[in-house]
Every structure is written in structure tokens, then in C-alpha cells.
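Everything below concerns the one structure shown next.
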Amino acid sequence: MNERDSEQVARMFVEGGYTVTPDEKEADAILVNTCSVRDQAEQKALGKMGIMGRHRVRKPHVVYGYMGCMAQSRGQELFKNIPHLDVVVGTQKYHKVFDYVDGILKQRMEVRMDKPSLSLSGESVCDTEEEKDSQNTIRDHVTQKDQSTAFVSIMQGCNMRCSFCIVPDTRGKERGRPIVDIVEECRGLVEKGVKEVTLLGQIVNLYGRTEFDKVDGKSPFVQLLEAVHEIDGIERIRFTSPHPIGYRKDLVDAFTYLPKLCSHIHFPMQSGSDRILKQMRRPYKHAKFVEICQNMKAARPDLAITTDIIVGFPGETEEDFQATVDTVKQLEFDNAFVFRYSKRRNTPAAEMEGQISERVKEERNQILLAVVNELAVKKNEAFVGTRQQVLCTGLSKTNKSRLMGRTAQNKIVIFDGDAERMTGEIFDVLIEETTGFSLYGTAVLT
Ligand code: SF4
């Protein structure tokens, strides 16, 4: 989601006549879009901004800014420890970043022409207010040549209150965009060559539940899937991340009659223990989660399921942890992101008794990762000898002499071919081997 928000901000700068550069030494404005999900991410963002401040010695006019979740939760406090910081913009104000930064930069450049010593003029800005309809401002893209996939933000915020999560505070209440706007955005992406869209939301399947009605028993999210499915040129649809609450029959059924829906869901489980799920304030039981996965596999037999799991949540006993390991084995996830629980400020879990030591968290992390990795390798080995439809996304990130793409199950496939001709195309690849996490094969072109 942050990536998508950053793209929106970048687009506004491009429209305003700026060039986006990945080289901070060249930049006149340096913006860090921050994540608050883990403490480590915040510490990294703080450290990075500190180091980047050195560019001001050489280029005194540079504007420094934080955007996103940490900006939202810490606000004004960020200016105290980072003297060179100019702009702090929260999660409902991405569309204002350009005006703030451009305003300060112009002021500095003007003053500098008269008196270079005064180049640090320009008021600092902190804007973390709520803004009605801000979800509708994340809608523009900066597409690259041959770009075949894109993220589309369909909602902002989350009304759930998981006890470990800071997102409801940083992103606000759930707010969905109208279906017509999302469809229009997708059509625009098709015109630029995009074939696969990933619909984004914190609890994506609950999209629109507070704004739009059900129609023929179908949730607003399923209505949206149907509308995007209608678009000529969209060949693949993904979404992330759904929540077990609201994962109802209409969504399961959608996988039986919407063939453009890819055979993969990223479905956060968090724990396999009912006791811990309750402590986490995740309002479902282990059995419900398992039932949804089984229904999904019945609806789409080649479905891959990946998940998120937290180990070492306060009060997690060996028995609770074992319940998680057992569920992972039972459901045979294709892969999982395993996180050691980390305290987030102002969340109920941070104050809970029974905090688990880092040593135990690390032990559980390693045990679970070993199980997850073994399953992932086994799952990938089952693809060897099969033909898979792959959307080629361009050069391999690790070996520029080869190409890469993804299967409908979201598996990475590496193969040889002509980047110019094959990027953005969907074709079969005969899978010949796997090294565990990637598949390797030969493109079968007709
Ligand atoms: S569903 Fe829970 S974990 Fe996900 S964003 Fe909402 S509060 Fe956070």
C-alpha cells in the first residue's frame, strides 16, 4: 500500500515538472514514506532521515519530508529530533505533499538567488488531519514502458481493532472508493499496457461495507470484482489482503465464475490458537479459518494460499504455538511471512502481561520458518514437469540475462527469452526445475 501511495505522490511531482530520481544525492526533495507495522521499520526510517540530512551541507535548499503511517502517529514530535526535517504529512494527505514541498522549495530557491545564506527559509509543515474522501485521491499512476502489472488502491483505513496493530490509528476508518472510479482507473491502466491489477485494501474483502449496499446477495467487493472482470484487456485480477471476517460464500463462489481471478490468495491467519486469536482481537476461530481455506480450495482446486503469522504474541504458550504449527501443516500453505511479535506504541497488546522473551520468539520463529520453508519447497516441486501460464514482467531481478514472470499462483518463474518481445505477454512455460523458492523453465511460444 505504501508503494502505491508513493506512486501517487511521485505522479504529482512528475505532473508538476519534476523528475523522480532514485539517487538521493541528486534530489532537491527527499521524501520517506513510512510504515509503522513494525518498530524496526520506524527505526530504519528515523535512521535513514538522519543520515540523509548530510546532503544539506552541499545543497542547502533540499526539502526533507516524512509521509505515511509514522508521520501520522508521531506528527509534530518528529521535528524535535530531526532538525533538518521540513514536512510531515499523514496518511490522508498524500495529495497535499506536492504543494507543501514545492512551496518550500520555490521559496528557498528565490531567497537563495538574493542571499544564499538565507537558503533555509520556508516554514515547516505538519499536516496529519483527517480529510473526507481522501481515499479517492490515490488514483494516478506512473507507469513504466512495458509495465504489465499495477496496484490499485480501492479503500483506505480499517475498522477492526486487532490488539497488536497500529493501522486503525494511522490509517483511520474504512473508506471505500466508488466502483465506477476504480473501473475507470483500471481502464486507464489497460490503455498503458497493464494486464494484471492487484486491488489493495487493509481488509480488502470488506471494501465498501459501510458505504455501498449488497446487490443480489453480493457484497460490494464481489460487485467490484465482477465490474473489473468485465474490462477488456484486464487478464488477471488479484487482491490483498482479505480478512476471515466477511470472507463469505459470495466471494468463494466468485472464484468459480470469474476466471480472471488468479489462483492465489494471501490470507493472514496470525495464529492457529483460539486463545491467542481472542487475545489478538481477531474475531474468528481457528476452525472458521480452516473452513474458509477448504471452501476456497474446493472452489478453485489449483489455489495457492499464503499467509501472515505472528509468533511470540503475549501469553503464547508452547501449546498455542504448537496449534499454529499444526495448522500450518494441515493447510499446507504455499508460503508464509512469519513475524516475531513486536510491541507497537499505543496498542493494547503492548501493555499485556506475559510478554515473551526475544529468545523464545526467535526459537519459535526458526521452528515455524523451517516448517513453512519445507512446505514451500514441496509445493514448488509439484510444479516441475507441468506447463504454467506466466505473465512475463521483464528481466529477472537477480540475473539480467534471463526473464521472469509469475504464474496464476503468484510463483516466480525464470526462463530465457527476448525481453523486447515477451515482456507483458502471457504464455506457457514448461517448468523444469525448482531451487526451492523460484521455478525455472522453458517458454513455450506458439
Ligand atoms: S485487520 Fe487488524 S491487522 Fe489488519 S489492518 Fe486492521 S487492525 Fe490491523
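Nothing in this text is a laboratory measurement; each read-out follows from the coordinates by a stated rule. All of these numbers come straight from a predicted model, not from anything done at the bench. Methodologically, a virtual Cβ is constructed for each residue, glycine included, from the backbone with ideal geometry; neighbour enumeration extends over all protein chains shown.
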Between the residues TYR18, GLN43, PRO60, the Cα farthest towards the positive end of the dipole of the range 1-159, that dipole coming from +1 and -1 charges on the beta-carbon of Lys, Arg, Asp and Glu, is from PRO60
In whole angstrom, the spacing between the Cα centers of the range 61-91 and the range 156-186 equals 23 Å
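Can you classify the range 213-265 as rounded, prolate or oblate using the Cα gyration tensor, where a ≥ b ≥ c are the square roots of its eigenvalues, rounded means a/c under 1.5, and otherwise it's prolate if a/b beats b/c and oblate if not? Show your work: numbers first, answer last.
Working: a/c = 1.85, a/b = 1.28, b/c = 1.45.
Oblate is the answer for the range 213-265, as a/c is 1.5 or above yet b/c matches or exceeds a/b.
Can you classify the range 370-446 as rounded, prolate or oblate using the Cα gyration tensor, where a ≥ b ≥ c are the square roots of its eigenvalues, rounded means a/c under 1.5, and otherwise it's prolate if a/b beats b/c and oblate if not?
Numbers: a/c = 2.23, a/b = 1.67, b/c = 1.33.
Prolate shape, in that a/c is at least 1.5 and a/b is the bigger ratio.
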Of all trypsin sites (Lys or Arg not before Pro) in the range 1-109, the ones in DSSP coil with at most 13 other Cβ atoms within 10 Å are LYS25, ARG54
Relative contact order as a percentage, the chain, C-alpha pairs under 8 Å and 6+ apart, gives 10 percent
Low-density loop trypsin sites (Lys or Arg not before Pro), the range 134-242, at most 12 other Cβ within 10 Å, DSSP non-H/G/I/E/B, are LYS145, LYS173
HN-Hα couplings for the range 376-389 via Karplus (6.51, -1.76, 1.60; θ = phi - 60°), in whole Hz with x for Gly/Pro, come out as 4, 5, 4, 4, 5, 4, 5, 7, 5, x, 9, 9, 10, 6
The size of the Cβ-based charge dipole (Lys, Arg +1; Asp, Glu -1) of the range 134-381 about the Cα centre, to the nearest 20 debye, is 440 debye
Taking alpha-carbon centroids only, the range 17-34 lies from the range 227-256 a number of Å equal to 36 Å
Full extension between GLU184 and MET160 adds, at 0.36 nm per residue less the Cα distance, a length in nm of 5.8 nm
Distance in nm between ARG281 and ALA370 label points, each 7 Å along Cα→Cβ, equals 3.6 nm
Among GLN409, ILE431, THR442, the residue whose Cα sits farthest towards the positive end of the charge dipole of the range 387-444, when +1 is placed on the Cβ of each Lys and Arg and -1 on the Cβ of each Asp and Glu, is GLN409
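Mean residue ellipticity at 222 nm from the helices of the chain, using -39,500 (n - 2.57) per DSSP H segment of n ≥ 4 over the full residue count, to the nearest 500 deg cm²/dmol? Spell out each step's value before the answer.
Values: 15 runs with 160 residues, N = 446.
Helices in the chain give a 222 nm mean residue ellipticity of -11000 deg cm²/dmol.
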In terms of the alpha carbon gyration tensor, root eigenvalues a ≥ b ≥ c, rounded if a/c is under 1.5 and otherwise prolate when a/b exceeds b/c or oblate, the range 2-127 is prolate
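Considering only the other residues whose Cβ falls under 14 Å of the Cβ of GLN322, what net charge follows from Lys and Arg at +1 and Asp and Glu at -1?
Details: positive: ARG275, LYS329, ARG364; negative: ASP274, GLU316, GLU318, GLU319, ASP320, ASP326, GLU363.
Neighbour charge sum, excluding GLN322 itself: -4.
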With DSSP loop assignment and no more than 11 other C-beta atoms within 10 Å, the trypsin sites (Lys or Arg not before Pro) in the range 342-393 are none
